[in-house]
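Working notes, beginning with the structure itself.
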Amino acid sequence: MWTKLANPSVFLRWSGAALPWLVALTLGLLAVGLYKSLLLAPADYQQGETVRIMFIHVPAAWLALFFYSTMAASAIGTLVWRHPLADVSQRAAAPIGAAFTLACLVTGALWGKPMWGTYWVWDARLTSVLVLFLMYCGVLALWRTIEDPSRAARAVSILTLVGFVNVPIVKFSVDWWNTLHQPASVFRLDGPTIHPSMLHPLLVMAVAFTLLAVTLHLQRMRTEILRRRVRTLTILEAERLDRRAAA
Amino acid sequence: MLGPHGAFILASYAAMALIVGGLIVASILDHRAQLRALADLEGRGVRRRGGDEA
């Protein structure tokens with residue numbers, strides 16, 4: 001079944017049907033999430049109202065890691081099975097991951113200034129997230145450097161898998177080193193340490209942002225398939241014109 | 001309403017809206033450009049030889 005769904009033409013059909021529903025669901029959840037985050041959630045006893053930045057900063061951080069992991073899984077699909085949709089998925093995921101990593105860095109800096117007294121410190125968590133952003137930029141740049149799509153896909157896949165070593169470093173940096181950034185407070189073995197009045201808005205925003213990112217990923221994958229068809233047709237037309245000129 | 005650090009909160013939400021909004025607009029424009037290019041090529045009678053390869 002998965003092989004059939006991953007056929008590019010079949011993918012265009014089912015993703016086209018799913019997109020309007022995903023857009024509606026995303027908009028609905030975003031509206032609920034923003035209402036809860038900006039109006040319902042109480043101020044934190046230490047952070048005050050600034051806690052509201054967490055409701056967008058944390059989902060952005062999760063998605064930054066999620067999309068790099070998606071790219072790494074797609075890279076394996078490209079290198080091992082050479083599935084065309086794996087490369088399409090990787091290429092579509094990179095700008096989304098880069099955007100959410102940038103959003104994570106910017107919102108983190110804007111939270112840091114009033115809470116830590118500085119926009120930036122070179123601690124392990126912040127630095128490893130900056131490295132993650134630079135990895136995304138490197139992957140995007142490499143794609144533009146190599147013209148042949150299959151060669152570009154292999155080179156980018158190798159770079160992506162090498163860069164994946166940074167993902168566990170980002171996740172566990174707060175445990176392995178003494179950082180100014182606080183340790184994990186949601187995904188912990190002993191359960192979340194956040195009060196439910198703040199955890200619920202955070203989880204709603206996380207699901208809403210994930211739906212938004214998945215919707216964008218599907219949309220960009222559709223665009224990437226079209227781009228490859230345009231490239232194929234352009235080459236076919238050039239060959240036809242060459243033959244006509246030679247005749 | 002947002003306390004003494006309201007500017008930081010508003011700037012955070014504005015930055016997120018700008019980054020995600022930019023990504024959405026760029027995605028839509030890119031998709032439309034590819035659709036136009038494909039329609040243009042097909043309009044000139046260029047067809048694939050067959051197959052569903054991406």
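The values are calculated or read from the model by the stated rules, or taken from the named source; none is laboratory data. These numbers were taken from a predicted model, which means no experiment stands behind them. So basically every Cβ, Gly included, is an ideal-geometry build from the backbone, and we count neighbours across all protein chains shown.
Structure notes:
- When residues of the stretch B:1-43 are limited to those that are surrounded by 14 or more Cβ atoms within 10 Å (Cβ to Cβ) and in a loop (DSSP other than H, G, I, E, B), the one modelled with the highest pLDDT: B:HIS5
- In the stretch A:41-81, the residue that is nearest to A:ALA208 (Cα to Cα) out of those that are part of a helix (DSSP H, G or I) and touching an Asp or Glu at 6+ places or on another chain (Cβ under 6 Å) is A:VAL51.
- Scanning the stretch A:111-132 for residues that are in contact with a Ser or Thr (Cβ under 7 Å, 6 or more places away or on another chain) and either touching a residue at least 60 places away in the same chain (Cβ under 8 Å) or surrounded by fewer than 18 Cβ atoms within 10 Å (Cβ to Cβ) (or both) returns A:TRP111, A:PRO114, A:MET115, A:ASP123, A:VAL129, A:LEU132.
- A:SER9 of a type in the set (S, T, N, Q) and either within 21 Å of A:ARG144 (Cα to Cα) or surrounded by 20 or more Cβ atoms within 10 Å (Cβ to Cβ) (or both): no
- Qualifying residue in the stretch A:125-148 (condition: within 26 Å of B:ALA11 (Cβ to Cβ) and touching a Cys at 6+ places or on another chain (Cβ under 8 Å)): yes
- Contact map, the stretch A:204-226: residues that are touching a residue at least 24 places away in the same chain (Cβ under 8 Å) paired with residues that are of a type in the set (D, E, K, R) and surrounded by fewer than 20 Cβ atoms within 10 Å (Cβ to Cβ), Cβ distance under 6 Å, separation 6+ or inter-chain. Pairs shown: A:VAL204/A:LYS36; A:THR223/B:ASP30.
- Spans of helices (runs of 4 or more DSSP H) in the stretch A:142-247 with at least 1 residues within 14 Å of chain B (Cβ to nearest Cβ): A:149-163, A:196-246
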